[in-house]
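Report on one structure; see the data block that follows.
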There are 2 protein chains.
Amino acid sequence: MTGKPKKEAGDKPTRIQEVNRGVILDAALEMFSNYGLRGTTIDQIAEKACMSKPNLLYYFKRKDDIYAAVLEATLDEWLQPMMALDPDGDPVEELRKYITRKLEMSAKKPAASRFFANEILHGAPHVGGFLKTGLKELVDRKSAVIRTWVSQGKLAPIDPPHLFFIIWATTQHYADFDVQVRAVLGSQVDKPGFYEQTAQAVLSVVLNGVRPR
Amino acid sequence: MTGKPKKEAGDKPTRIQEVNRGVILDAALEMFSNYGLRGTTIDQIAEKACMSKPNLLYYFKRKDDIYAAVLEATLDEWLQPMMALDPDGDPVEELRKYITRKLEMSAKKPAASRFFANEILHGAPHVGGFLKTGLKELVDRKSAVIRTWVSQGKLAPIDPPHLFFIIWATTQHYADFDVQVRAVLGSQVDKPGFYEQTAQAVLSVVLNGVRPR
DNA sequence: GGATTTATTGACTAATCGGTCAAATTACAG
DNA sequence: CTGTAATTTGACCGATTAGTCAATAAATCC
């Protein structure tokens, strides 16, 4: 009388489930980042994921569930570079590494950057809570590190959160406003060495901007 | 046999038309900047503008027409600070003025900033053409100015377009990602002096970043 | 192979939304 | 005031879209 093994919430996902959820999340990130939540239809995601709409809805009951899953799947990764800021490292060198990693992520996963940008731009309706808790906590913690460096004279005086804003803004700009960058710079964006040129420019301005004088 | 005066395309707008078009554009900017083109319904704009949907459609035949009108209405203004860059002025001082004006505009018209950010973020489907012609031309022209300043040793070596990207990114960040800034900084954003603190931080980093050393 | 669970789909529904239209109301010129 | 043009609106329509459902096909377990 133990009953038959039926599908339950806690069950580990099938191999098919694992694969298809991944395919769906990839497709959804692509579409959401380009057209936003309301601008993306379930059908579009399904087509991109090469499956029928009802099949997609078999894996995620609601459109919002897909959106939430994409959000969660990319949040952790997105904050890694900041978490890696080492209080015991050389300040300018740590900032260089931080900026470099952020630029790498923007170059390698522009869709993820645009996805977040869109979410924040529209008032962070799905991730607002985390911003006020998780993100704020992280910024507070790392701001203390910057503040120490400043008080030791290893960085020019700067209000730490603003430094983070400046770094986020400059590094993510190349992913978020890629179209504009391309419009202004034309084909040179696709030439080899463009990434290095960008990194050089951003690093040069920001690092010289915070180097003690 | 001269016929009666009928409404024609070239007619000057009535006072009512002028007022209502303005009201609609204000309402539309507000909604589009918060929810995007697809995320905003005509009904929402109409409600915000305190008029019925058919009445709104009496002034703008299509949703896209409203969007295009908002775009045009804000484009010129948005580029003013850059156009004001004076080749004969002191380089650092000119950049200070430029950055200051951009920050002022972001603070005073955050909705306009978010509106543009959203348009670009989603691939600039309505303004892409202008970016490749008008904006590129302007950037090219002003890049030549920066390049002269650099070659005169009045600025640290920097690829001019990247300098503009950095300035756009940092100044517009506070409008576009206002929610995130608020989440991290809390209530201090609304305290008097916050704008000055922001300006100080951005100016300090960017100007020191380009000051010749 | 046979039974059971998992995966997939075509067909459908209800709701939303962009846009139309004819009719009513208001502003205004003479 | 009177007639004409400008303005406003309720009611409506067609298209799109989120989500459902019953039925089918495929995978898995014994």
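The values are calculated or read from the model by the stated rules, or taken from the named source; none is laboratory data. Just so it is clear, the model here is predicted, and its values are computed rather than measured. In this analysis, Cβ positions are derived from the backbone assuming ideal geometry, glycine residues included, and neighbour counts consider all displayed protein chains.
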Here the residues within region B:199-212 that are of a type outside the set (A, V, I, L, M) and more than 7 Å from chain A (Cβ to nearest Cβ) are B:200, B:211, B:212
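Looking at region A:11-29, which of its residues are among the polar types (S, T, N, Q) and either crowded, with 16+ Cβ neighbours inside 10 Å or within 22 Å of residue B:123 (Cβ to Cβ) (or both)? I'd like the intermediate steps shown before the answer.
Applying the first criterion (among the polar types (S, T, N, Q)) to region A:11-29 yields A:14, A:17, A:20.
Scanning region A:11-29 gives a single hit, A:20.
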Scanning region A:34-70 residue by residue, those within 14 Å of chain B (Cβ to nearest Cβ) and more than 12 Å from DNA strand D (Cβ to nearest atom) turn out to be A:34
Output for Cβ contacts, cut-off 6 Å, separation at least six or different chains, first residue without any contact (Cβ under 8 Å) to a residue 12 or more places away in the chain in region B:53-67, second within 8 Å of DNA strand C (Cβ to nearest atom), reads B:53/B:42; B:53/B:43
Those residues of region B:81-104 which are touching a residue at least 60 places away in the same chain (Cβ under 8 Å) and in a helix (DSSP H, G or I) amount to B:82, B:91, B:92, B:95, B:96, B:98, B:99, B:100, B:102, B:103
Among (1) away from chain A (no Cβ under 12 Å); (2) out of contact with any Leu (no Cβ under 6 Å at 6 or more places or on another chain), residue B:113 falls short only on (1)
When you scan region A:102-113, do you find a residue that is over 14 Å from the mean Cα position of the chain (by Cα) and modelled with pLDDT of 95 or more, even just one?
no
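Being of a type in the set (Phe, Trp, Tyr), more than 16 Å from the chain's Cα centre (by Cα) and surrounded by fewer than 21 Cβ atoms within 10 Å (Cβ to Cβ), is that true of even one residue in region B:123-139? Before the answer, list the steps.
Of the residues in region B:123-139, the ones of a type in the set (Phe, Trp, Tyr) are B:130.
Applying the additional criterion that residues be more than 16 Å from the chain's Cα centre (by Cα) yields none.
There is no residue in region B:123-139 that is of a type in the set (Phe, Trp, Tyr), more than 16 Å from the chain's Cα centre (by Cα) and surrounded by fewer than 21 Cβ atoms within 10 Å (Cβ to Cβ).
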Of (1) at pLDDT below 95; (2) under 30 Å from residue A:117 (Cβ atoms); (3) among the acidic types (Asp, Glu), residue A:47 fails just (1)
Taking region B:57-88 and keeping residues within 16 Å of DNA strand C (Cβ to nearest atom) and either touching a Leu at 6+ places or on another chain (Cβ under 7 Å) or more than 14 Å from residue B:42 (Cβ to Cβ) (or both) leaves B:67, B:68, B:69, B:70, B:71
Counting only residues in region A:12-27 that are β-branched (Val, Ile, Thr) and within 11 Å of DNA strand D (Cβ to nearest atom), the one farthest from the other protein chains (Cβ to nearest Cβ) is identified as A:14
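For every residue, the table says whether it meets (1) at the interface with another protein chain (Cβ under 9 Å from one of its Cβ atoms); (2) in contact with a helix residue (DSSP H, G or I) (Cβ under 9 Å, 6 or more places away or on another chain).
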site	(1), (2)
A:120	yes, yes
A:127	no, yes
A:132	yes, yes
A:137	no, no
A:142	no, yes
A:147	no, yes
A:153	no, no
A:169	yes, yes
A:192	no, no
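Every residue, every condition in (1) under 18 Å from residue A:39 (Cα atoms); (2) surrounded by 16 or more Cβ atoms within 10 Å (Cβ to Cβ), yes or no:
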| position | (1), (2) |
| --- | --- |
| B:31 | yes, yes |
| B:47 | no, no |
| B:72 | no, no |
| B:84 | no, no |
| B:110 | no, yes |
Quick count over region A:87-142, residues being at positive phi and hydrophobic (A, V, I, L, M, F, W, C), is 1
Log entry, pairs with first residue in region A:146-164 being over 19 Å from residue A:78 (Cα atoms), second being of a type in the set (Val, Ile, Thr) and at pLDDT below 95, beta carbons closer than 9 Å, six or more apart or on different chains, reads none
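Within 12 Å of DNA strand C (Cβ to nearest atom), loosely packed, with under 13 Cβ neighbours inside 10 Å and closer than 23 Å to residue B:123 by Cβ: is that true of residue B:38 in this structure? Can you show your working first?
On the way: within 12 Å of DNA strand C (Cβ to nearest atom): yes; loosely packed, with under 13 Cβ neighbours inside 10 Å: no; closer than 23 Å to residue B:123 by Cβ: yes.
In short, no.
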